[in-house]
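The values are calculated or read from the model by the stated rules, or taken from the named source; none is laboratory data. This structure is a prediction, so every number in the text was calculated from the model and none was measured. Here the Cβ is made from the backbone with ideal geometry for all residues, glycine too, and neighbour counts use every protein chain on show. Side chains are part of the model used for accessible areas, which takes the heavy atoms of the whole protein and leaves out ligands, DNA and RNA. Shrake-Rupley method; radii C 1.70, N 1.55, O 1.52, S 1.80 Å.
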Amino acid sequence: MKNPVIAFIAFEEFDNLGVGYMSRVLTDEGYTITIIDIRKEKKEILHILKKLNPLIVGFSVIFQYHINEFAELVSYLRKAGIKCHFSAGGQYASLRYNELFRIIPSLDSIVRFDGEYTFLELVNCLNSGTEWKHVLSIVFKSENGLKVNDLRELENDLDNYPFPIRQPLKKYVLGKKFATILAGRGCNNNCIFCSVREYYTQSKGPCKRVRKPAKVVEEMDLLYQQRDCSIFLFQDDDFPVKGMSKTYWVRQFCRELQQRDLSDSILWKINCRPDEVDSERFKLMKKHGLYLVFLGIEAGTDEGLKQMNKHCTISEILNAVNTLKKLEIGFDYGFIPFHPYSTFVSLRENFSFLREITSDGYSGVTFMKMMPYHATPIEKILRKNGRLKSINGFPDYDFLDESLNRYFQLINELFSVWIEHPDGLLNISKWARNYLLVFSKFYGTTPLLKQLTLSLREAVAESNNFILTIVEQLSIEIETGKFKTGNRTRILSLKKKIDSTQNEYINVFKNIVTKLLILGEFERMTGISFDSMD
């Protein structure tokens, strides 16, 4: 008898680890799994589903701002005759199941929170033809409205789950393959713009669970040996750097990497808080492959940090940044100067802080607006204060100062490509940086590499000064009324200048990468270093 087919529809730009874990649990029980990227054309997805005739389709609804895409697809599939069970899961689905059923009424069920055991039980019931509406942690429609079943207790030992199923690995830089991976789930912190703590405190169990270091390294070793993977991007909201037994965790993790002879063969990136960075621990981590850190900085003043409930200080942030620079570990960061309490004064203080940490070109300037994502503390605050509004069906808010609204709209118009677009200056500069970091690991640090690194940092420093000078000057002009945001001639002139400058620096970054690629290919083909030649 042919194994029943289970189809998942999800974003697959990178490994969707939630779907990957559930898929492995299901395949271990004999089911056949197909994962479909939602970015495919609807007709193609329909064709695949008709050919497969799945028992159930699971929709991985992770991102709130992609709900309409899922809604359109589900409606299209139902109208085209796909009648099997439709279920949805993910953070948004778990926390806002009422809204999701309203937006996508054709769903049959919603799986809440960790889905491995819940989805398996649901699938088993559907496959055997038995009643499924008793399954813990699901929501479904009944005659009396939505029926919300009790939640099952979280799996305390994440290593009881098998390693996730993965799509073919993609290349990172210099031909090196990468994979996303988890050391744990959850976060003990409660920043006002994040719903992770809310997500993991709904069910019984700890709000942060960490895998055993040996099991994480075993998974990395398996990917290295079987998939030729040498770059690992940890997706933990807060990597287990320290806190209670976490210091032991890092030391054991590095020891396991060394024992499996991985330390010299791989690189890995983590996300963590600035107050978790210290010289001794990160020096050890770099020795065993750490090359890049994403820091949740968010604010450039102690007052701003308190408003965001960050529980750290500017002094701790500066210490973290300086430590990473000294150790020559790359870093990216989150920064949110635009938030519901912003003023022109606070913005300029934040931009001044950005100058302090980016003037050397070690990292590029970036900033964003705090968005009131579902189930976050800031969403609740804005709703309570009557400031939450809907723009194109999604939650948003206005700043208290109307001129600040105009300022943000102008800055977004001028610099959205620079900061947000895949082909924008910020992203291209990061990729040039990544090329240099990876090259250094696998080819060694040479005088020529040092010169290219210096050239990159000089160019990034110049571009950082350019963007900060403009945003600071415009903040003064708009606050004082000297700049009229309706003056399209001035705006178009600025846009032309910004685009020209952006293209100039992008060409510099691309030229650096080109030189690096030529150098790497020469050394790979000949075994001779450019720097050893007269």
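At a glance:
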quantity: In the stretch 28-84, the residues that are closer than 22 Å to PRO162 by Cβ and either part of a loop (DSSP other than H, G, I, E, B) or charged (D, E, K, R) (or both); calculated: ASP28, GLU29, GLY30, TYR31, PRO54, LEU55, ILE62
quantity: Whichever residue in the stretch 490-518 is open to solvent by 80 Å² or more (accessible area, probe 1.4 Å) and within 30 Å of GLN451 (Cβ to Cβ) and, among such residues, is modelled with the lowest pLDDT; calculated: ILE518
quantity: Any hit, the stretch 10-27, residues being in a strand (DSSP E or B), among the aromatic types (Phe, Trp, Tyr) and touching a helix residue (DSSP H, G or I) at 6+ places or on another chain (Cβ under 8 Å); calculated: no
quantity: Qualifying residue in the stretch 131-151 (condition: open to solvent by 60 Å² or more (accessible area, probe 1.4 Å), out of contact with any Asp or Glu (no Cβ under 6 Å at 6 or more places or on another chain) and among the aromatic types (Phe, Trp, Tyr)); calculated: no
quantity: The stretch 293-336: number of residues that are aromatic (Phe, Trp, Tyr) and open to solvent by 20 Å² or more (accessible area, probe 1.4 Å); calculated: 1
quantity: Selection count, the stretch 231-281, where residues are part of a helix (DSSP H, G or I) and open to solvent by less than 20 Å² (accessible area, probe 1.4 Å); calculated: 7
quantity: Out of ASN392, ASN427, ASN319, ASN350, sole residue that is among the polar types (S, T, N, Q), more than 30 Å from ARG488 (Cβ to Cβ) and out of contact with any Phe, Trp or Tyr (no Cβ under 6 Å at 6 or more places or on another chain); calculated: ASN319
quantity: Selected residue (criterion: modelled with the highest pLDDT) from residues of the stretch 522-534 that are closer than 14 Å to LEU448 by Cβ and either in a helix (DSSP H, G or I) or open to solvent by less than 20 Å² (accessible area, probe 1.4 Å) (or both); calculated: GLU523
quantity: Residue in the stretch 314-336 that is outside any helix (DSSP H, G or I), more than 29 Å from GLU479 (Cβ to Cβ) and among the acidic types (Asp, Glu) present; calculated: yes
quantity: Residue tally, condition within 14 Å of ARG457 (Cα to Cα), touching a Ser or Thr at 6+ places or on another chain (Cβ under 8 Å) and not small (Gly, Ala, Ser), over the stretch 335-369; calculated: 2
quantity: Among (1) of a type in the set (A, V, I, L, M, F, W, C); (2) surrounded by fewer than 21 Cβ atoms within 10 Å (Cβ to Cβ); (3) modelled with pLDDT of 95 or more; (4) under 27 Å from the mean Cα position of the chain (by Cα) - the single one PHE14 does not satisfy; calculated: (3)
